[in-house]
Amino acid sequence: MVDKGESIATALKREFLEEVFDTDDSALREAKHELGNSLNTLFNNGDVIYEGYVDDRRNTDNAWIETTAVHFHISESEESRYEGVKFKAGSDAKNAKWIDISKQLRLYASHSNFIETIVKRTDALW
């Protein structure tokens, strides 16, 4: 969720750090970790693929979930920056890991639609 006065890009980075590394931006900055710089570059270069209403079990007639889905691409030449990164699931995450995309992947709510959009935009094989 985006906090009051927070940009979407800042919220995405904050949530990623909290849920995938169980930490925040200040912890990475203090450690002067190379990953912190790589994440700053990554999160400043996203491509918005969807903004609006999403199918969600929490939706009601009077309230509903809207989202902004952003694609952050890590090219093959950049992969080495993230090799060996150990994920540690945060409070809301059941687990966190790198996965390959395939049709057999079972995702929550509208997330499959977001992946299909990215695949179409990048001309990747689905």
Worksheet, complete the sentence: By residue number, the members of region 36-61 that are closer than 19 Å to Glu18 by Cα, out of contact with any strand residue (DSSP E or B) (no Cβ under 7 Å at 6 or more places or on another chain) and without any contact (Cβ under 8 Å) to a residue 40 or more places away in the chain are Gly36, Asn37, Leu39, Asn40, Thr41, Leu42, Phe43, Asn44
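For (1) modelled with pLDDT under 80; (2) among the acidic types (Asp, Glu), each residue gets a yes or a no:
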{"residue": "Leu12", "(1), (2)": "no, no"}
{"residue": "Asp25", "(1), (2)": "yes, yes"}
{"residue": "Glu34", "(1), (2)": "yes, yes"}
{"residue": "Ser38", "(1), (2)": "yes, no"}
{"residue": "Asp47", "(1), (2)": "no, yes"}
{"residue": "Glu76", "(1), (2)": "yes, yes"}
Worksheet, complete the sentence: Conditions (1) among the aromatic types (Phe, Trp, Tyr); (2) assigned to a strand (DSSP E or B); (3) at pLDDT below 75 -> Phe87 fails only (2)
Item to complete: Inspect all residues belonging to region 53-68 and state whether any of them is loosely packed, with under 10 Cβ neighbours inside 10 Å and modelled with pLDDT under 85.
Response: no
Practice prompt. Filter region 103-117 down to residues that are loosely packed, with under 14 Cβ neighbours inside 10 Å and either at pLDDT 80 or above or touching a Cys at 6+ places or on another chain (Cβ under 9 Å) (or both) and give me whichever is nearest to Ile49 (Cα to Cα).
Written response: Ser112
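The values are calculated or read from the model by the stated rules, or taken from the named source; none is laboratory data. This one's a predicted model, so the numbers in the text were calculated from it and none came from an experiment. Because the Cβ atoms are built from the backbone with ideal geometry, glycine has one as well, and the counts that use them run over all protein chains shown.
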